[in-house]
Structures are given as structure tokens and as C-alpha cells.
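Undergrad: Before I ask anything, let me first share the structure, which is written out below as C-alpha cells.
The values are calculated or read from the model by the stated rules, or taken from the named source; none is laboratory data. These numbers come from a predicted model, not from an experiment. Here the Cβ positions follow ideal geometry from the backbone for every residue, glycine too, while neighbour counts run over all protein chains shown. What goes into the accessible areas is simple: the full protein's heavy atoms, side chains included, and nothing from ligands, DNA or RNA. Shrake-Rupley method; radii C 1.70, N 1.55, O 1.52, S 1.80 Å.
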Amino acid sequence: MVSNPAEANIVLSEVEFEVVGKRPIRPDGVDKVTGRAQYGADINLSGLIHGKVLRSPHAHARIKSIDTSKAEAYPGVRAVVTAKNLPFASLSKEDLGGDYMRLKFASDHVLASDKVLFKGHPVAAVAANNPHVAEEAIKLINVDYEVLPPVLDVLEAMKDDAPLLHEELRTTSLGETSEKPSNIAAHLRYEKGDAEVGFAAADVVVEKEFRTAAVHQGYIEPHNGTAFWNTDGQLSIWTSTQGAFAVRGSVADVLRQPVSKVKVTPMEIGGGFGGKITAYLDAIAALLSQKSGAPVKVVMSRVDVFEASGPAPATWMKVKIGATKDGKFTAVKAELSFEAGAYPGSPVMQGMMCSFGCYDVPNGLIDGYDVVVNKPKTAAYRAPGSPQAAFGVESVVDDIAHQLGIDPIEIRLLNAAKEGTRRIEGPVANRIGLVECLEAARDHDHYKKPLGPGQRGRGVACGYWMNRSFSSSLSMTVNYDGIVTLIMGSVDIGGTRASIAQQTAETLGIAYENVKPTVVDTDSIGYTFITGGSRTSFATGWAAIEAAEEVKKLMVARAARIWDTSEDDVEYADGVIQHRSDPELRMTFKDLARQLANTGGAITGSANVEPAGEGNGYAVHLVDVEVDPETGKTDILRFTAVQDAGKAVHPSYVEGQMQGGAVQGIGWALNEEYFFDDKGQMMNSSFLDYRMPTSLDLPMIDTVIVEVANPGHPYGVRGVGEAAIVPPMAAIANAINGAAGVRLNSLPMTPGNVLDALSGDGQ
Amino acid sequence: MPGVTHVQTTINGEEVNFLCEPRQSLLECLRDVVGMTGTKEGCNDGNCGACTVIFDGRIVDSCLVLGVEAQGKEMTTIEGLATPEGLHPLQQSFLEQAALQCGICTPGFIVAAKGLLDQEPDVDEARVRHWLAGNLCRCTGYDKIVRAVLDASQKMK
């Protein structure tokens, strides 16, 4: 494979650029290493008071009454609110018509009206002069509950006689709505060819059931929301979110306000991974502000974060693959049942789309079920739905390889999706890089090196995420000193200020240091979709390129005016504006910038885009493990992550995404799990008991960035944030199988579960 | 306010006086009373390390120290590392090695790493991983953080 000599871990690069592909210091870096960056909880406003939320102690109960009188009378308390303060309480079913259920779910998720549906469900909130007083006051609120039996498992919830979470909920099944209420919100299906015919033609068929536990995104910064509802009706919100416009939309929705009455300022965000899209606290802070007349800050405790923000769903899955004796897949089938949590909306559809996204299969049938249970409403978590599905699919692929005696990378290469492959849900792949990733893994030193002594095994698995686009807005202004100020709506979670500034500088032909990016509030830029879905460097990058192209045109027009010539005589190349025929007439970007003041003023380019052409993302991971037969503990000895980035705009942050995704996957594989007792109480809602990987648990995570350019982007960019969390669980399960001869079909693969499997008790 | 205590302490070399309630943690006092928000809260129960400060020469989770315990002590917080002349080598290495993504854990990691390098200039990967095991990062997988600390240790020699 072709390697860039300066970047040993980047392969297949076809084009080199001046700024894109380099590793500059991020623009927000100094503030973040010195403690000056302002995250959501760091905000202080004149007259700020503090809110606390009273949460349900029960997983499932009817609210009979709420008495807030003692809390309201408590010294220092400034406001108390319940669901009665939400507009939904005064709207009738008739008022809302077809929107009734959706708004009820949205409002009840903010503050429960008639029922609580998970331990931690908000029922009331207090604002007080200091957070300790608010904490004391919420304990004085008396809620009378009628406790109901909880439903805590996806398969139990699907039974006909299961207790119902929502009496109004009907199943939407393949376009039809059921008569009977049910916990199954939706049944979806994708189909290609005829799976039964394909299985009949197979020499080997493997079918297995899998389970995965609920896991949390685990961002270190707890949710927060600060609101000030001014007497003129303008509501301002400061919050840590992946999408200021998403918060604006959901707050305006539940408070029945026009979106333009709500201004959301995205503060620096301390991790999200999909978990900071839902607005948990912002509407509560707004209600408390409305009632008290003061700005109100609400911050979750870590227990609140675990119990009441969205984990990724627990799942039950059945996966079946048939293959010829040569290893060619003839048919695939999957059934995915995902826990949505308290309200419908698990990522089961994305799980279905991704399940066989790595393979070119002639026949496939995928069914998915979105099922409500008495657990916190699930939220997106990095490639939502794909990691669970891949755990099942990539384990079965490995079993087929073993049965047929085929190398696990070779069987994947034999069946790999490539340009022109039609996926089961319909779309046909553009130029994609899975084959190149598999080849890079196969050719890597890691794959060739012997494992060494001990109970060691090596596992491999692939992962797919479609990558997203959606809308982005951005504008840039050329200042008189030649510095381009760039304002955007995309929140920066992990280096997108840098990656967008790089694409801007590249397009303008100027130095990276001359671009100064800022993330702004919802009044200051056009609608921009969340930072998520691996979309930002792609879609907001496109916006930057389009806005920069506009700037170039305006710079050419200005030069033409200064030189008193036609615009057609002027060209812009590599940051220099010059006359096409007169070599004397030539200005650098900075030269022209200095002349803007007296020739018509500043130049601004802007773009609102929703680009097509997002390029699918693929990852392949290799892992070596050692299993201790005495304790069942699995150690990660070596890990190599390979991923097609299209073009790595900032290779260090691409590596960071690959490493971070891999390590979240390692945690998901080996340790992480929501433990509930039979009453639906989470038993491990702290970082001590919900065990995320530490530096001591891990080796360095080697990376190989594959650059198969995305034809849908000027620099070939694909998203990179998500595919990296997809392969680790199956890769580690496959490695454990190699090390200890046991196939674990359930996550996490804790020492106890491995020991059970070794003694034949588990699974 | 009942039971409010006057605390006189030294933060980043400067004498600081504040009033606090006995129930307030040092973390809360730093952030909400003194107004130094560089020290972050991730869990408030000593498990994530985001609130790490150097307290009389030892690294501690400031959420597990009471504000009143700061009386007469000397501490270093993230705000105390950079000088008007420039960044501390650890801060520079974190930037150069891209050892942060969201950055919320970064102050805790840098302060914890300073606690290590102040005592032990010669460190290897295993020692860094062991020392930093009390600090959680969810973005990076630790690879680049460990490299940044090793890089800074070389620069500081």
C-alpha cells in the first residue's frame, strides 16, 4: 500500500493539500488547557439562582397528587414548578389533535404529569438562592404515588400481558396501526431478495441470539441548563449541547413559544457522544426563571446523569447467516428488539440499516422492534444502533469463518460491500473504503505477529456507519488585517473549529492561523443541525467551502474595481488576486484586505447548505486479548483501529476519534452495564460502580487512517466520529473465543460472565 | 448565614480569603465562592478526577476536601500553571499532541500530571498510566494524553 512518508499511519492518500491534512494547534486549545474555557456549568449571571429537580423514586407509578406548599414556604426558595406549569397541562386533546401524543411525551419527559416511567423521572423543581437550599426544599415536596409493576426487559415488555407504560400507545407495524395498546411502538422491516431461498442454497447456516446491556455515553461533564426569561418575553438559554438549534426547537415546542423568542447560546461542551442532544433541563430552568424573575442554573449530579439522561438501549437480537462452502454469503436475516426506554424512539432503525452494512448480500430480511420499558428514555450514542447489531452480526460472521476454515479477514473481504453494492434497506453504495480497510488490517504488522504464550486470542471485526449530512450555516468576514473571522452554528466537541478553519484556509489559499473561528448562538447564524452523525467536518466543511468561494468572488470583484478593470480579467489563485494579462497588477489576500476599508468595506461570504454526497464510513479493528482462566478477566494486549476517513482533515483528531471510539467500545465489551434491581432501581449509578476504562486498563491504541476520497466532498472528507465504536465488542468477543474457546453472546463480557462461560453455566 | 467560616488560604501563590459553610466542598468554594471555574466537576464523589488540585504538595480530588480544610494550606489549580510568559510544558504538550477533545477533563489531567512530574521527572508509560488512573477521560482513549505527559517530561528535563 502507498504510504505518505511523513505520516506512516496514513495509507492510500491520493492528493496532498496545503492546510487540509496537516496537524495545527486547535483554535480553542489554549483556553481549554488553562481552565479559561467556559463550559455550561461555569456560567455566572447577575442575580443567578439555582434549581434542583425532584425525581421519581419509582420506576413506574401513577402520580396521585403533588403538594409543594412546604417547599414554597421554605426560606430562600424563589420558585417551585411541576408539570402543571407546562403549557401541555392547559391544552386539551381536541386542541392538539394529531399532535397530542407527541407533545404529551415531550412534555412529560421534561416534567411528569400523570405517571412516572423511570426511576429519576422529573416530577417537580425548585429554584432557591443557593443550591443547598434548593436541595433541602425538594425534599419537602410531598408526592403521593400509586406504585405500578415495572417492565424492565425488552422481551417481557413485548408480551401481550405485560403491564403497559402508555395506555394510548399503539404499535405501528409496517405502516398499519394496531387496535390494542402495546409497549411495542413500532415494527419495521427491510427486505432484499428472498432470504429463505438464500438459506436453502447455503452449505452452512449459523443462527444465534444475542443480548446487550444498556450503557451510558459517559461524558465527564454533567448536563446543565441556565435560563433567563425576560419580562419582554425573550427567553435566553445557556447550555452544554451538541445542537443549540435542537435545544431551541425542543424548548420552544414544550413551552409553546415561537422559536425566535428563544435564544440558545451553546457553551463549551464536555463530551456528548449523542447524549447531549435531548434538552433535559433547559425548559425546567426556563419555567423556574419565569416564575422567579431571576436567571436560574440547573446542573445534574452524576447520579442524575446515569438515572435520567439517555443511555444507549439494551437489546435482544437474533442473527442468521448462510454461506456456501467457499464462504460466500447466500442470505442474512436479523431480528432486532431495542429498548427505547420510557418513550418511543430507540435507534433500532439505524441498527437495522447498519447491521449488514459491511456486506454485499443477495438476500436479506431485517425486522426491528422499538419497545418501551421503565428505564430512562434512550438517547443516541455514537453510531446509534450499529454497535449492538455489529456485535451479533460480526460474531456470527466469525463463527462461519471458523466452521469453514477461512481466515476471518478473507471471509470479510470475500463478502465486503463496495461501490455499487445495494444495501438491504435500499441505497446503493458510492465509492467506499471497506475493502481497503480490510486489506490494511490484513497487511498490518499486528495481524502477522504471533500471539505469544498464554490464553491469548486475536479478534477482528468490521463496523459501518452511513455518515450524515443535514443542514449547516456559516459566514466569514475578511477583516482589514487579512484575518478571516468565521462564525458557525456547529458546536465544537472535539476539534471542528480546527477542521472547519482548515477547510476555509485551504479554499482561500491562506494560512490556517489567519482564520479565526467562533461558535455562536441561535440568533447569530442560520439553522445548523447538531454536531453528531459524523456530519460536521463534512457538511459544515461544505458550508465553509461555499462561503469561501463567495469570498473569493467578492475579492475578485473588489480588485477589479480597484484596478478599474473587468472582473473577467482578474483571477484568484492560491491566496493571490491577479490580473490575467498584466503581471504588475497583483495583490496577496492580505494586500487586498488592507485596501477594503476605503473601497467599499468588509467582505462577507455566507452559506446555508444541506449537501448531498456524504460518504459512508467503515472501520476494521484488530485486538489481541489474554483471558485469565482463574478470574475470567480479559486484558487488552494490543489494539489496532483501521478506518476510512476519506481525507483526514486534521489527522491527530481523526486518530483521536478512532482511539476514543475504540476505547468506549472496549468498555462496552468488557465492563459497562446498567444494573437494575427487580423494582427498576439502578444499582450502579456512580463512576465507581459503572466502570469505564481508565488509562491503566489499556495499551496504546494504534491507528491506520485509510484515505479513500469521498467523491461527494471537494477534499474527499467522510465523517469519522462514529464507525470507530462499532467493531470493538465483536472483535473482543471473537478474540475471547480464540483465547478461551468460549463464545459469549451477551454484553458485557465481565470476568464473571467469562468464568460462567468457561464452566459451561452461562449464556 | 449560620455557621459561616472565614478561610484564609493560598491559591497559586496568592493569599485568598473566603467565607464558606461547613458543608461546602473545596471544589464548590473554588468554583462558586472564589469564582475560579477552571477546576471542573464531573462526579462530585471522587471518581473522575476532573476537580484535581495540588493541595500542600499532594494531588487531591477537591470535591472530597471541605472548603474549611483549606485554612492555612497552599494549593495549585489549573489557573496557576501558565505564566505571562507562556504555557506550562504540560499545557504545550497537550496542545501539540492533541491530547484533548472536549477538554472538560483536561484541567484535572494536567494538574494531576504536574503532581507526578514535580516529584518524578523520569517517568515511563506504565508509570504515567498508573498515576493517571484516577482521572477519567471519555474522548481520547488516553493514548494521546499519555504521550503528552511523556513528551512534557522530556521537555522539562
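Undergrad: Considering the range B:131-157 alone, what residues qualify as being more than 8 Å from chain A (Cβ to nearest Cβ), buried (at least 24 other Cβ atoms within 10 Å of the Cβ) and not small (Gly, Ala, Ser)?
TA: Correct list: B:Val149 only.
Undergrad: Being outside any loop (DSSP other than H, G, I, E, B), modelled with pLDDT of 95 or more and crowded, with 24+ Cβ neighbours inside 10 Å narrows it down to one of A:Asn734, A:Asn710, so name that one.
TA: A:Asn734
Undergrad: Quick one: how many residues across the range B:5-26 are surrounded by fewer than 20 Cβ atoms within 10 Å (Cβ to Cβ) and within 12 Å of chain A (Cβ to nearest Cβ)?
TA: Matching residues across the range B:5-26 total 4.
Undergrad: Let me ask something additional. Looking at the range A:9-41, which of its residues are among the small types (Gly, Ala, Ser) and closer than 15 Å to A:Pro651 by Cβ?
TA: A:Ser13, A:Gly21
Rundown of residues vs (1) modelled with pLDDT of 95 or more; (2) closer than 24 Å to B:Lys155 by Cβ; (3) aliphatic (A, V, I, L, M); (4) open to solvent by 40 Å² or more (accessible area, probe 1.4 Å), yes/no style:
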residue: B:Leu30; (1), (2), (3), (4): yes, no, yes, no
residue: B:Val34; (1), (2), (3), (4): yes, no, yes, yes
residue: B:Asp45; (1), (2), (3), (4): yes, no, no, yes
residue: B:Val53; (1), (2), (3), (4): yes, yes, yes, no
residue: B:Cys63; (1), (2), (3), (4): yes, no, no, no
residue: B:Gly67; (1), (2), (3), (4): yes, no, no, no
residue: B:Pro107; (1), (2), (3), (4): yes, yes, no, no
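Undergrad: Return a yes/no flag: does the range A:16-32 have any residue that is farther than 30 Å from B:Gly86 by Cα and either among the charged types (D, E, K, R) or exposed (fewer than 14 other Cβ atoms within 10 Å of the Cβ) (or both).
TA: Yes, the range A:16-32 contains at least one residue that is farther than 30 Å from B:Gly86 by Cα and either among the charged types (D, E, K, R) or exposed (fewer than 14 other Cβ atoms within 10 Å of the Cβ) (or both).
Undergrad: A further question on this structure: So B:Cys43 passes all but one of these: (1) facing chain A (nearest Cβ under 7 Å); (2) closer than 22 Å to A:Met700 by Cα. Which condition number does it fail?
TA: (2)
Undergrad: Let me ask another. Just to be sure before I move on: is A:Thr241 over 16 Å from A:Thr378 (Cβ atoms), out of contact with any helix residue (DSSP H, G or I) (no Cβ under 9 Å at 6 or more places or on another chain), modelled with pLDDT of 95 or more and of a type outside the set (Asp, Glu) in the structure I sent?
TA: It is false that A:Thr241 is over 16 Å from A:Thr378 (Cβ atoms), out of contact with any helix residue (DSSP H, G or I) (no Cβ under 9 Å at 6 or more places or on another chain), modelled with pLDDT of 95 or more and of a type outside the set (Asp, Glu).
Undergrad: Sort through A:Ala246, A:Ala213, A:Ala200 and tell me the only one that's out of contact with any strand residue (DSSP E or B) (no Cβ under 7 Å at 6 or more places or on another chain) and surrounded by fewer than 18 Cβ atoms within 10 Å (Cβ to Cβ).
TA: None of the others qualify; the one that does is A:Ala200.
Undergrad: From the list A:Asp114, A:Asp95, A:Asp99, which one is open to solvent by 20 Å² or more (accessible area, probe 1.4 Å), of a type in the set (Asp, Glu) and touching a residue at least 24 places away in the same chain (Cβ under 8 Å)?
TA: Among A:Asp114, A:Asp95, A:Asp99, only A:Asp114 is open to solvent by 20 Å² or more (accessible area, probe 1.4 Å), of a type in the set (Asp, Glu) and touching a residue at least 24 places away in the same chain (Cβ under 8 Å).
Undergrad: Restricting to the range A:624-669, count the residues that are away from every other protein chain (no Cβ under 13 Å) and in contact with a helix residue (DSSP H, G or I) (Cβ under 7 Å, 6 or more places away or on another chain).
TA: Here the count works out to 14.
Okay, residues lined up against (1) more than 16 Å from the chain's Cα centre (by Cα); (2) within 12 Å of another protein chain (Cβ to nearest Cβ); (3) under 19 Å from B:Met156 (Cα atoms); (4) open to solvent by 50 Å² or more (accessible area, probe 1.4 Å):
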| site | (1), (2), (3), (4) |
| --- | --- |
| B:Gln71 | yes, no, no, yes |
| B:Leu81 | no, yes, yes, no |
| B:His88 | no, yes, yes, no |
| B:Phe94 | no, yes, yes, no |
| B:Ile104 | no, yes, no, no |
| B:Val111 | no, yes, yes, no |
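Undergrad: Please count how many residues of the range A:572-591 are under 42 Å from the mean Cα position of the chain (by Cα) and either on the phi < 0 side of the Ramachandran plot or open to solvent by less than 100 Å² (accessible area, probe 1.4 Å) (or both).
TA: Residues in the range A:572-591 being under 42 Å from the mean Cα position of the chain (by Cα) and either on the phi < 0 side of the Ramachandran plot or open to solvent by less than 100 Å² (accessible area, probe 1.4 Å) (or both): 8 in total.
Undergrad: Does at least one position in the range A:16-31 carry a residue that is of a type outside the set (Gly, Ala, Ser), more than 29 Å from the chain's Cα centre (by Cα) and either closer than 30 Å to A:Phe118 by Cα or assigned to a strand (DSSP E or B) (or both)?
TA: No, the range A:16-31 has no match at all.
Undergrad: If you don't mind, another one. Looking only at the range A:725-749, count how many residues are farther than 17 Å from A:Ala662 by Cα, out of contact with any Ser or Thr (no Cβ under 9 Å at 6 or more places or on another chain) and in contact (Cβ under 8 Å) with a residue 12 or more places away in the chain.
TA: Going through the range A:725-749 one residue at a time, the tally reaches 2.
Undergrad: Which one of A:Thr231, A:Thr278, A:Thr265 is open to solvent by 10 Å² or more (accessible area, probe 1.4 Å), of a type in the set (Ser, Thr, Tyr), at pLDDT 95 or above and closer than 29 Å to A:Val348 by Cα?
TA: Unique residue meeting the criteria: A:Thr278.
Undergrad: Return a yes/no flag: does the range A:598-619 have any residue that is of a type in the set (S, T, N, Q), open to solvent by less than 60 Å² (accessible area, probe 1.4 Å) and under 25 Å from A:Glu7 (Cβ atoms).
TA: yes
One line per residue, one yes/no per condition, for (1) in contact (Cβ under 8 Å) with a residue 24 or more places away in the chain; (2) in a helix (DSSP H, G or I):
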position	(1), (2)
B:Met75	yes, no
B:Phe109	yes, yes
B:Leu117	yes, yes
B:Arg127	no, yes
B:Val146	no, yes
